[in-house]
Amino acid sequence: MHDAPADHSADHSAGHSAGRSADNSAADRGPEATPAPTTMTMAQALNRALADSLAADRAVLVFGEDVGTLGGVFRITDGLAARFGEQRCFDTPLAESGIVGTAVGMAMNGLRPVVEMQFDAFAYPAFEQIVDHVAKMGNRTRGAVRLPLVIRIPYAGGIGGVEHHSDSSEAYYAHTPGLTVVTPSTPQDAYGLLRAAIAHPDPVVFLEPKKLYWSTGEVDVAAPLPRIGSARIARQGTDATLIAYGPTVPVALAAAEAADEEGRSLAVVDVRTLTPFDDETVCAAVRATGRAVVVAEAPGFASVAAEIAARVSERCFHHLEAPVRRVTGFDTPFAPPKLERFYLPGVDRVLDAVDDLQWEDA
């Protein structure tokens, strides 16, 4: 059985070409675009992105378990079925493999499906579909068949969930050629990156940090869409660079704030897209400071954090004053709710790693 809904509420033709790319024009953004930024939660920003994409392109469909009448466990699809009808936003059986397989067929025939996996570990029954068909179809057909579909997956911890509800499974997808893997950390990026992902000509695994669903920030729906494959500098700094993505970006920013009170200036880079990886932005930030710490929730062994550390070490070796450090989850199954705070990377663990970066004044 899948889970009862959470209590939280988030306040063109079907034959369009599968190769349609993102367009930052007002027309592409849908009729609801407004010029003034609005404060939203991340959940509301994702809901708005889905609504604007549905309004802008009739090829876009939204479906998954409980996404229709209920509006999703996290209410990300709240109101979409009522507004766009059950042909555009609808519920499916509890069969993740069938959900993704159906999306593959739809995308092959000119639609732009956006499917929800409900929770991170619930996506595992669909893993064969994702890695064998979603990821490989373009290569298998030498580009003749492309799959413009988005697989939305709420992921990572921070909500006191038990097993199957708090996995950080990004390494599985990032390791698979043919998949673009995106994870936002702010409401603005949640809106912009989801709109860009839906307009992308190839499949995107869109990882949503569930503990950030109720974080708030200004969202400008008229702003240019961020480019998939581009990191952003979340904070400038001169002494060391913290590299984070998704749920650990706020942790890195809080650690940088605390370090500032201790006299150390830390830059923070939000990776945003795990693959393709933005080596240029990340490495430029590391070369400027000479020191780096990668912060991620997933277990450290064979992780995205390990790959980032390796890439930085290879490309920035002659600029580094110390080895690249990692602050990650532990190499164990996810902790039970009462121990979750000890498992997840926190400010103190990040600052301990920063202190270990071979400072001359140590």
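The values are calculated or read from the model by the stated rules, or taken from the named source; none is laboratory data. Remember, it's a predicted structure, so these values are computed and weren't measured experimentally. Cβ coordinates were reconstructed from backbone atoms using ideal geometry, including for glycine residues, and neighbour counts include every protein chain displayed.
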L54 being surrounded by 20 or more Cβ atoms within 10 Å (Cβ to Cβ), over 21 Å from the mean Cα position of the chain (by Cα) and closer than 20 Å to A107 by Cβ: no
Filter result (among the aliphatic types (A, V, I, L, M), out of contact with any Pro (no Cβ under 9 Å at 6 or more places or on another chain) and assigned to a strand (DSSP E or B)) within the stretch 241-268: L242, I243, L266, A267, V268
Condition (residue is hydrophobic (A, V, I, L, M, F, W, C), part of a strand (DSSP E or B) and touching a Leu at 6+ places or on another chain (Cβ under 9 Å)) applied to the stretch 269-280: is it met by at least one residue? yes
Got at least one residue in the stretch 133-145 being among the polar types (S, T, N, Q), closer than 20 Å to V181 by Cβ and touching a Ser or Thr at 6+ places or on another chain (Cβ under 8 Å)? no
Please determine whether any residue of the stretch 246-255 is crowded, with 24+ Cβ neighbours inside 10 Å, under 13 Å from the mean Cα position of the chain (by Cα) and on the phi > 0 side of the Ramachandran plot. yes
Of the residues that sit in the stretch 121-140 and are of a type in the set (D, E, K, R) and closer than 14 Å to M108 by Cα, which one is modelled with the highest pLDDT? K136
Mind listing whichever residues of the stretch 263-273 are in contact with a helix residue (DSSP H, G or I) (Cβ under 8 Å, 6 or more places away or on another chain) and either at pLDDT below 95 or surrounded by fewer than 24 Cβ atoms within 10 Å (Cβ to Cβ) (or both)? R264, S265, A267
Which strands (runs of 3 or more DSSP E) sit wholly inside the stretch 177-239 and have at least 1 residues that are among the small types (G, A, S) and surrounded by fewer than 24 Cβ atoms within 10 Å (Cβ to Cβ)? 216-219, 232-235
Considering only residues that are in a loop (DSSP other than H, G, I, E, B) and of a type in the set (D, E, K, R), look in the stretch 107-159 and name the one that is surrounded by the most Cβ atoms within 10 Å (Cβ to Cβ). R146
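Results for (1) in contact with a Cys (Cβ under 7 Å, 6 or more places away or on another chain); (2) surrounded by 14 or more Cβ atoms within 10 Å (Cβ to Cβ); (3) not assigned by TED's automatic domain parsing to the domain that holds G160, shown as yes or no for each residue.
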{"position": "A259", "(1), (2), (3)": "no, yes, yes"}
{"position": "V286", "(1), (2), (3)": "yes, yes, yes"}
{"position": "R291", "(1), (2), (3)": "no, yes, yes"}
{"position": "F301", "(1), (2), (3)": "no, no, yes"}
{"position": "I308", "(1), (2), (3)": "no, yes, yes"}
{"position": "E321", "(1), (2), (3)": "no, yes, yes"}
{"position": "R325", "(1), (2), (3)": "no, yes, yes"}
{"position": "G329", "(1), (2), (3)": "no, yes, yes"}
{"position": "P336", "(1), (2), (3)": "no, no, yes"}
Which condition does M40 not pass, out of (1) assigned to a loop (DSSP other than H, G, I, E, B); (2) among the aliphatic types (A, V, I, L, M); (3) buried (at least 17 other Cβ atoms within 10 Å of the Cβ), if it passes all the others? (1)
Does Y172 fit the bill of being assigned to a helix (DSSP H, G or I), among the hydroxyl-bearing types (S, T, Y) and under 29 Å from R232 (Cβ atoms)? yes
The lone condition A353 fails out of (1) touching a Ser or Thr at 6+ places or on another chain (Cβ under 9 Å); (2) among the small types (G, A, S); (3) under 13 Å from V251 (Cβ atoms) is (1)
